[in-house]
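A short write-up of the structure that comes next.
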Amino acid sequence: MLEGYSTNATAAKIRAIHGNMFTADNYRELMSRRSVPEAAEYLARSARFKDVFREVDPNTVHRGFLEELLHRQNFNTYIRLCGFQGLDKLPFYDFLIRKREVECILSIINSINSSLENPSPSDIPGYVIKHSQIDLLEISRAESFSDLLKMLRGTSYYKTLVKVPLREDGSADYTECELRLRNEYFSEVLRQVRDGFPKAEAKELTDMILAEIDGRNIINAYRMKAFFGFSPEEIMRRSLKFTKLGKKRMEKFYQSETAAQMLEWIDRSVLGVNSADTDNIEVKINRVKARRLSSKIARSSSTPVIMYAFIQLCDIEVGNIVHIIEGIRYGADPALIQSQLVIS
């Protein structure tokens, strides 16, 4: 088994990169910039993102391309880390590639359903294309859901999506597609953890993944209740099927009569320990999550745990930076921007 030899060097590399991730001070400095080009110039000089800006003029970077650069930097870092000690030989370490594949497929389904022009090759991240096991460029040309299924035939994605019932117009419900794809994704990741690592390590990694799913389910359930008034049955049907908190606890949360009661439930749960005093559900849940992930990187002796925690923190970091850039772009109050950042 590959994990039979030491991967401490990879863990050390991740910790070193984690030490260069943006802090509250970095975010404040970024918020002090008055334009998107100024913000891009700050990012280009940072230890975290200078590599991806090497051949880019910060003065010409628009918001959308800037976000793509940040995601590219994190993905390239992940690929380098996986290859450093041959971790990419283990199926588990494909988790970010498969996650990005799911996101690309969902983007294509959304375009089809919205009667938009199909994504062009430039809309599919090139840094994912060359590592994907499916032809993302080919499936981006699908003009209907049936076309997409034909192009995915022979892949696990076909087996998942072919079960989605079609509407009279031949389209497929986006939410149903997303639910099935993400359930299948997490099911496969959890299976690889169970079969690929020693028992104690597998439990630590499984618990972290299940906690991630709980957070996703709680955020989505709150949105469904607060913005759409969904019933508990509708919320449960649209939630991922895995949980660390436990089925009965999650069902009690889903059965809350109001969004305010959901927030009260969170405050009484382990997710509410030192959580932010806010009704912004993403900030409330993800600040607790970020602290937990940072602790994993600092204290865990498991390389896959440290890797998985690091990648989640990378996504949180990009979300913070994009939020700041949007605030700069629209002249938002820096105090308001800062109150909505996820900082561990």
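Just a few scattered comments:
- Think of a 1.4 Å ball rolled over the protein heavy atoms: region 196-344 then has 47 Å² of accessible area per residue.
- Global size of region 80-174 as Cα Rg and Dmax, reported in angstrom: 14.6, 51
- Shape call, the chain: gyration tensor on alpha carbons, a/c limit 1.5: rounded
- Peptides 97-104, 241-248, 155-162 ranked from most to least packed give 97-104, 155-162, 241-248, packing being the mean of other C-beta atoms within 10 angstrom over each peptide's residues.
- Excluding ligands, DNA and RNA, the accessible surface per residue across region 39-97 is 44 Å² with a 1.4 Å probe.
- Using a simple spin-label model with pseudo-atoms 7 Å out from Cα toward Cβ, A226 and A298 lie 2.9 nm apart.
- Working ranking of peptides 299-306, 24-31 by packing, defined as the average number of other Cβ atoms within 10 Å per residue, highest first, is 299-306, 24-31.
- Accessible area of the chain belonging to carbon and sulfur atoms, whole % at 1.4 Å probe: 48
- The slack between Q255 and A335, meaning 0.36 nm per residue of separation minus the straight C-alpha distance, is 25.3 nm.
- Extension gain for V162-R237 works out to 25.1 nm (0.36 nm per residue, less the C-alpha to C-alpha distance).
- Compactness of region 199-299 was expressed as the Cα radius of gyration divided by 2.2 N^0.38 Å, which yields 1.08.
- From helices alone, the chain scores -20500 deg cm²/dmol at 222 nm; the rule is -39500 (n - 2.57) for each run of n ≥ 4 DSSP H residues, then divide by the residue total.
- Residue (of L205, V102, G272) at the positive-pole extreme of the chain, dipole from beta-carbon charges: L205
- V273 paired with N59, simple spin-label distance in nm, labels 7 Å along Cα-to-beta-carbon: 5.2
- Of E264, E282, the residue with the largest accessible area leads and the full order is E264, E282 (1.4 Å probe).
The values are calculated or read from the model by the stated rules, or taken from the named source; none is laboratory data. Keep in mind it's a predicted model, so treat the numbers as computed, not measured. All Cβ positions, even for glycine, are placed from backbone atoms using ideal geometry, and neighbour counts span all protein chains on display. Note: areas computed on protein heavy atoms with side chains; ligands, DNA, RNA excluded. Shrake-Rupley method; radii C 1.70, N 1.55, O 1.52, S 1.80 Å.
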